[in-house]
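The values are calculated or read from the model by the stated rules, or taken from the named source; none is laboratory data. Small disclaimer: the values here were computed from a predicted structure and weren't measured. A quick note on method: Cβ atoms are made from the backbone with ideal geometry, for glycine too, and the neighbour counts reach across all protein chains shown.
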Amino acid sequence: MPRVSRLARIAAAALIPLTLAACSSSPAEEGSANSGDWTPVTVEHALGTTTIDSAPERVATVNWANHEVPLALGVVPVGMAAANFGDDNDDGVLPWVEEKLQELDAQTPVLFDETDGIDFEAVADTAPDVILAAYSGLTQEDYDTLSEIAPVVAYPETAWGTSWRDTIELNSAAIGMADEGAELIVELEAEIADAVAEHPQIEGSSAMFLTHVDTSDLSEVSFYTTHDTRALFFEDIGLATPGSVAEASAATDQFSLTHSAEQADTFDDVDIIVTYGGEELIEALEGDPLLAQMPAVENSAVVGLPGDSPLGTAANPTPLSISWVLDDYLSLLAEAADGAQ
């Protein structure tokens, strides 16, 4: 599978400015991004090349967070993946998405249940003109099947490794709103910078993200590599990548790796650990004879994110969630940074 540029390559010399269609709760109007003329858009990605020849009137999205791009730009998808993590009321819609839908006076789109993988029949039933999946873990088979329904925009290089910026760039370009997408990125960058400035102790601390930890078996340590969006976001908020994590990441294109707990001393350069879980997990780490020797654990510089609440999604930035959870996430990191010093 060839590696490609991380950015969408626009076939036309320039995109003609387009206006948003009025948002409505009627199925015929939801998902409409454009009116007027259209210049074909070609996007190269890890699973192929997609050309969108005509203005998409019905936008569908699959996998995590892709629906947040059109929503942030005022376009309501006809269908999107139901939230399966951090959903505190089990309605399949995270609070920042629900808030945006209310702001747009729109009904909740069709929710695709992806518990057992993509529901291709449900996606097809929404009759989309384009399917956004710039941040996803699509297999080639998934992509080929979806492409029989509508043009698909997949991830540019690594499965589940598309940064929030590239997710916005790719998905916004696919619906003819590249300029609006670029403006959204600038706005979010400014918001992040202002929030980070309120927590100066974070700057320069090194951090790693442990994946879901099994407290009944701490013989292995799994962590996200620098190919994962959680580790990438550390750089946005002033945290440094430990040399140990950078070195391990350079040897793979996987978004996570697993080491034996006996190699825990490898991570002596980690100031802060972020993971999913609560006090029980932190106590388990502190009580383990090997993992307790890691400086971050020894100094109680561990941030546990609850998986059953929206805050649990804080480490994985998305266009609408950044504003919602950033302050809380930075406060937790600042507390950990104080302990690490």
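Cβ-Cβ distance below 6 Å, separation of 6 or more or different chains: which pairs start in region 233-260 with a residue that is under 27 Å from Glu187 (Cβ atoms) and end on one that is part of a helix (DSSP H, G or I)?
Every condition considered, the pairs that remain are Asp236/Ile192; Ile237/Val196; Gly238/Val196; Gly238/Ile202.
Checking Ala182 against (1) farther than 30 Å from Glu335 by Cα; (2) at pLDDT 95 or above; (3) surrounded by fewer than 22 Cβ atoms within 10 Å (Cβ to Cβ); (4) under 16 Å from the mean Cα position of the chain (by Cα): exactly one of these is not met. Which one?
(4)
How about region 203-220: which of its residues are of a type in the set (Gly, Ala, Ser), assigned to a loop (DSSP other than H, G, I, E, B) and touching a residue at least 40 places away in the same chain (Cβ under 8 Å)?
Across region 203-220, the qualifying residues are Ser205, Ser219.
Which residue, of Ser136, Ser163, Ser172, Ser147, is over 19 Å from the mean Cα position of the chain (by Cα) and hydroxyl-bearing (Ser, Thr, Tyr)?
Only one candidate qualifies: Ser147.
Going through region 88-98 one residue at a time, which ones are in contact (Cβ under 8 Å) with a residue 40 or more places away in the chain and among the charged types (D, E, K, R)?
Asp88
If Met208 meets every condition in (1) modelled with pLDDT of 95 or more; (2) within 30 Å of Thr266 (Cα to Cα); (3) not assigned by TED's automatic domain parsing to the domain that holds Gln293; (4) not polar (S, T, N, Q) apart from one, which number is that one?
Unmet condition: (3).
From Ala284, Ala248, Ala240, grab the single residue that is out of contact with any helix residue (DSSP H, G or I) (no Cβ under 6 Å at 6 or more places or on another chain), at pLDDT 95 or above and surrounded by fewer than 21 Cβ atoms within 10 Å (Cβ to Cβ).
So the residue among Ala284, Ala248, Ala240 that is out of contact with any helix residue (DSSP H, G or I) (no Cβ under 6 Å at 6 or more places or on another chain), at pLDDT 95 or above and surrounded by fewer than 21 Cβ atoms within 10 Å (Cβ to Cβ) is Ala240.
Take Val152 and tell me if it is surrounded by 24 or more Cβ atoms within 10 Å (Cβ to Cβ) and touching a helix residue (DSSP H, G or I) at 6+ places or on another chain (Cβ under 9 Å).
So Val152 passes the test.
Only residues that are modelled with pLDDT under 90 and buried (at least 23 other Cβ atoms within 10 Å of the Cβ): list them for region 211-231, please.
Passing the criteria: only Val221.
Any residue that is more than 21 Å from the chain's Cα centre (by Cα), without any contact (Cβ under 8 Å) to a residue 40 or more places away in the chain and buried (at least 20 other Cβ atoms within 10 Å of the Cβ) - is there at least one of those in region 262-271?
No.
Go through region 95-129 and count every residue that is in contact with a Lys or Arg (Cβ under 8 Å, 6 or more places away or on another chain) and of a type in the set (Val, Ile, Thr).
Total meeting the criteria: 1.
Using the structure shown, decide if Thr61 is at pLDDT 95 or above, buried (at least 21 other Cβ atoms within 10 Å of the Cβ) and more than 24 Å from Trp324 (Cβ to Cβ).
No, not satisfied.
In this structure, does Gln102 turn out to be farther than 18 Å from Trp324 by Cβ, assigned by TED's automatic domain parsing to the domain that holds Ala154, surrounded by fewer than 14 Cβ atoms within 10 Å (Cβ to Cβ) and modelled with pLDDT of 95 or more?
No: the conditions fail for Gln102.
Being in contact with a helix residue (DSSP H, G or I) (Cβ under 7 Å, 6 or more places away or on another chain) and buried (at least 24 other Cβ atoms within 10 Å of the Cβ) is the filter here, so list the residues in region 77-93 that pass it.
Residues satisfying the conditions are Pro77, Gly79.
Can you tell me which residue among Leu281, Leu311 is in contact with a Gly (Cβ under 8 Å, 6 or more places away or on another chain) and more than 30 Å from Ala193 (Cα to Cα)?
Exactly one of Leu281, Leu311 is in contact with a Gly (Cβ under 8 Å, 6 or more places away or on another chain) and more than 30 Å from Ala193 (Cα to Cα), namely Leu281.
Looking at the structure I just gave you, is Gly176 more than 21 Å from Phe85 (Cβ to Cβ), buried (at least 23 other Cβ atoms within 10 Å of the Cβ) and in the same structural domain as Leu47 (by TED's automatic domain parsing)?
yes
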